[in-house]
Amino acid sequence: MGTRRVFSGIQPTADSFHLGNYLGAVRQWVDLQESRETIYCVVDLHAITVPYDPQVLRRRTRIAAAQLFASGLDPERCILFVQSQVPEHAELNWVLGCLTGFGEANRMTQFKDKSAKGGADSASVGLFTYPILQAADILLYQADEVPVGEDQRQHLELSRNLAQRFNHRFGETFTVPAPYILPAVSKITDLQDPTSKMSKSSSSPQGIIDLLDEPAAIRKKINRAVTDAESVVRADDEAKPGVTNLLRIYAALSGEKIDDIAARYGDGGYGGFKKDLGNLVADTFGPIRERTAKHLADTDALDALLEDGARRARAIATATMAQVRDRCGF
Ligand code: ADP
Ligand code: NA
């Protein structure tokens, strides 16, 4: 069997990725280049399922790509492209939409969560059918594996069902993608509210660390992270969610075991531990921030890299679509 092919996408919905995105997605993408054939996509078509500003979207798409290259995605070892530059995504989306039952789509729980605020009536149909476009993204590239966290399991299940349904009805066409369970990086939580996940929609900017934050800002945020009154560095999700989150970040960035880190700092208080962690995060993100700035200072070169990625992605996508069109009777 040849090298297994992985597909994954990320939305360009903020002016920087945050520490949670970095540990939960970006760094995993970089690592997977070693062992897999990797195809990665900035999914701008997914980002327009909610109201948005075209200028902001264009800026964020470039920033997302620049950060991914700066974090270590290597055009020699992966394909990185922007979804809207490969029109086959939208075409396959339609075909798969016609194979998806309304009830089946209606059972996707993320739509209910995401549309909760404004209510389902004011949400777009695009947001409702988002998981079908996600299936099209994956199936177009005949991906063997898709990295998934818990929140994406239901969507991958839909992709698998649609691949099997199409194959059964029209003949063997799609690889049925398997989940690639990410190595145990648990959710990184908000520094000011350590029981909720770090998210771009966090209420306090002090609670999230952006990949593009200045080193001084990173140190300050870690220094002010919410902990507890015990003053002992040890992991305990129930009693010490703040310190446990900091230990998790430390372990993920240093490669050390949480127990070893806790043993080293122990009851020496939080000050020294936070200072070292602040330096660790700042030293990790600093070079990425500088490389991101270089990419963004030369958008012609960045766009050329992305065009080349789209050209290589499209070669695969058009081959799949040629088969699909033939099987569908077009
Ligand atoms: P956000 O929660 O900020 O809106 P997204 O939902 O766009 O972020 O997530 C993009 C990627 O980053 C996904 O792969 C997701 O699993 C990962 N991710 C987001 N937040 C975290 C977090 N706090 N900890 C670990 N991974 C995260
Ligand atoms: Na997500």
Matching entry among V50, V26, V30 (being closer than 24 Å to G207 by Cα, aliphatic (A, V, I, L, M) and within 16 Å of ligand 1 (Cβ to nearest atom)): V26
Residue check for Q28: within 14 Å of ligand 2 (Cβ to nearest atom), of a type outside the set (S, T, Y) and in contact with a strand residue (DSSP E or B) (Cβ under 9 Å, 6 or more places away or on another chain): yes
So G24, is it on the phi > 0 side of the Ramachandran plot and not hydrophobic (A, V, I, L, M, F, W, C): no
Any hit, segment 79-97, residues being closer than 23 Å to A14 by Cβ, within 16 Å of ligand 2 (Cβ to nearest atom) and in contact with a Phe, Trp or Tyr (Cβ under 7 Å, 6 or more places away or on another chain): no
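A quick yes/no check of all residues on (1) within 15 Å of H18 (Cα to Cα); (2) more than 16 Å from ligand 2 (Cβ to nearest atom); (3) not hydroxyl-bearing (S, T, Y):
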| residue | (1), (2), (3) |
| --- | --- |
| Q192 | yes, yes, yes |
| M198 | yes, no, yes |
| Q206 | yes, yes, yes |
| L212 | yes, yes, yes |
| T227 | no, yes, no |
In segment 128-154, the residues that are more than 16 Å from ligand 1 (Cβ to nearest atom), assigned to a helix (DSSP H, G or I) and farther than 17 Å from V42 by Cα: F128
Given (1) more than 21 Å from A293 (Cβ to Cβ); (2) crowded, with 18+ Cβ neighbours inside 10 Å; (3) within 13 Å of ligand 1 (Cβ to nearest atom), number of the condition A225 does not satisfy: (3)
Residue satisfying all of: in segment 151-198; farther than 22 Å from T129 by Cβ and without any contact (Cβ under 8 Å) to a residue 12 or more places away in the chain; nearest to the chain's Cα centre (by Cα) among these: A184
Of residues in segment 1-56 being farther than 22 Å from F128 by Cα and of a type in the set (D, E), the one surrounded by the most Cβ atoms within 10 Å (Cβ to Cβ): E37
Some residue of segment 64-76 being over 20 Å from L212 (Cα atoms) and either assigned to a loop (DSSP other than H, G, I, E, B) or under 14 Å from the mean Cα position of the chain (by Cα) (or both): yes
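Bear in mind these aren't lab numbers, they're just calculated from the coordinates by the rules spelled out. Please read these numbers as outputs of a predicted model, since none were measured by experiment. Cβ atoms come from the backbone with ideal geometry, glycine included; neighbour counts cover every protein chain shown.
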